[in-house]
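The values are calculated or read from the model by the stated rules, or taken from the named source; none is laboratory data. Owing to the predicted nature of the structure, the values given are computational and were not obtained by experimental measurement. As a convention, Cβ positions derive from the backbone with ideal geometry for all residues, glycine included, and neighbour counts pool all protein chains shown. Remember, those area values only see protein heavy atoms, side chains included, never the ligands or the DNA or RNA. Shrake-Rupley method; radii C 1.70, N 1.55, O 1.52, S 1.80 Å.
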Amino acid sequence: MRYFTIRRRRYWRYKGSTLHHPIGMKKLDRDRLPRHIAIIMDGNGRWAKMRTLNRIQGHRKGVEKAKEIVNHCSELGIEYLTLYAFSQENWSRPKAEVNALMGLLKNHLKSELKMMTENNIRFMSIGNISQLPVSVQKIISEVEEETSSNSGMQLNLALSYSGRLEIVEAVKKLAEDVMDKKIAIKDITEDMFSGYLYTGDMPDPDLLIRTSGEMRISNFLLWQAAYTELYVTETLWPDFTSTHLLEAILDYQHRERRFGLTAEQLRIRAAR
Ligand code: IPE
Ligand code: IPE
Ligand code: MG
């Protein structure tokens, strides 16, 4: 067995891995995997530009990458994966780009149903779905329905998504329930409010990865990311591989999540 170094840490090269990547699974703590990973898949346009391709070719490559990472997360045993595929703000991009993205979505969602079924993946869309073309909405409903009883990884695809809008929509639903006397204002809690979001009772993301080096959240999971560990890589999304994913998870596993406590308090808790 050989080892190699990433960021001054040594990882074992694991030859027999069924996951086809060079980083030793031995160093990845299987008991401390993030339950929920969220990814801002950014950089398709720049990737294409660097190769004098058009932006749409970048998105095509991006879709291939998304499939690879979905498979890998499912194999690793990640419980929830949330991919930011199209933001509410992305509607303002050139019409040809928006149309191409909708086309890609339609074709690939349908063709990926088989893969999701084989891998026991439950698919769910989050976002302002009614704004999507009806043909896309139809496929989304079909895939959601067909995979609804799968018990493996839950894949959330954020489409026409805005974190602020999600919060406003949740407030509206909550206000309706107050008006209908289903709940009293004094009983509103953070947990209850979370339940009104698209993500319902899913756990908050533990790890949020953003590719292409941008140090911003771009209206993604604003409420849910309150204590999420952020990981930004310069790698453009079409260049992102399973190895990059493992690097991000390893980095996450070396962090101390303090949730406002002191390091000393954490040590005492851990010793109990
Ligand atoms: C991310 O890549 C995909 C979408 C937002 C749909 P971009 O298209 O934003 O790529 P860059 O940021 O222009 O490189
Ligand atoms: C965020 O990327 C949205 C997606 C990856 C789908 P953008 O490229 O739209 O974000 P900004 O404009 O750089 O903040
Ligand atoms: Mg971008």
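Descriptive notes on the structure:
- Filter pass, SER125 being of a type in the set (Ser, Thr, Tyr) and assigned to a loop (DSSP other than H, G, I, E, B): no
- Of all the listed residues (LYS114, LYS172), the sole one being of a type in the set (Lys, Arg) and under 27 Å from LEU33 (Cα atoms) is LYS114.
- Hey, GLU169 over 26 Å from GLN88 (Cβ atoms), acidic (Asp, Glu), open to solvent by 50 Å² or more (accessible area, probe 1.4 Å) and not in a loop (DSSP other than H, G, I, E, B) or not: no
- ILE140 being open to solvent by less than 10 Å² (accessible area, probe 1.4 Å), within 15 Å of ligand 1 (Cβ to nearest atom), among the β-branched types (Val, Ile, Thr) and in a helix (DSSP H, G or I): no
- Checked against the criterion of being open to solvent by 40 Å² or more (accessible area, probe 1.4 Å), away from ligand 3 (no atom under 16 Å from the Cβ) and assigned to a loop (DSSP other than H, G, I, E, B), the candidates ASP201, ASP191 yield just one match: ASP201.
- Residues that are basic (Lys, Arg) and surrounded by 15 or more Cβ atoms within 10 Å (Cβ to Cβ), drawn from region 223-263: none
- Scope region 40-89; condition more than 17 Å from the chain's Cα centre (by Cα), open to solvent by 30 Å² or more (accessible area, probe 1.4 Å) and within 16 Å of ligand 3 (Cβ to nearest atom); matching residues: ARG46, LYS49, MET50, LEU53, ASN54, ARG55, ILE56, GLN57, ARG60, LYS61, GLU89
- Tally, over region 77-109, of residues that are away from ligand 2 (no atom under 13 Å from the Cβ), within 29 Å of ARG35 (Cβ to Cβ) and not aliphatic (A, V, I, L, M): 4
- Cβ-Cβ under 7 Å pairs, at least 6 apart or on other chains, region 236-262 side part of a loop (DSSP other than H, G, I, E, B), far side within 16 Å of ligand 1 (Cβ to nearest atom) and open to solvent by 30 Å² or more (accessible area, probe 1.4 Å): LEU236/ARG46
- For region 90-106, the set of residues classified as assigned to a helix (DSSP H, G or I) and surrounded by 12 or more Cβ atoms within 10 Å (Cβ to Cβ) consists of ASN90, TRP91, GLU97, VAL98, ASN99, ALA100, LEU101, MET102, GLY103, LEU104, LEU105, LYS106, listed by residue number.
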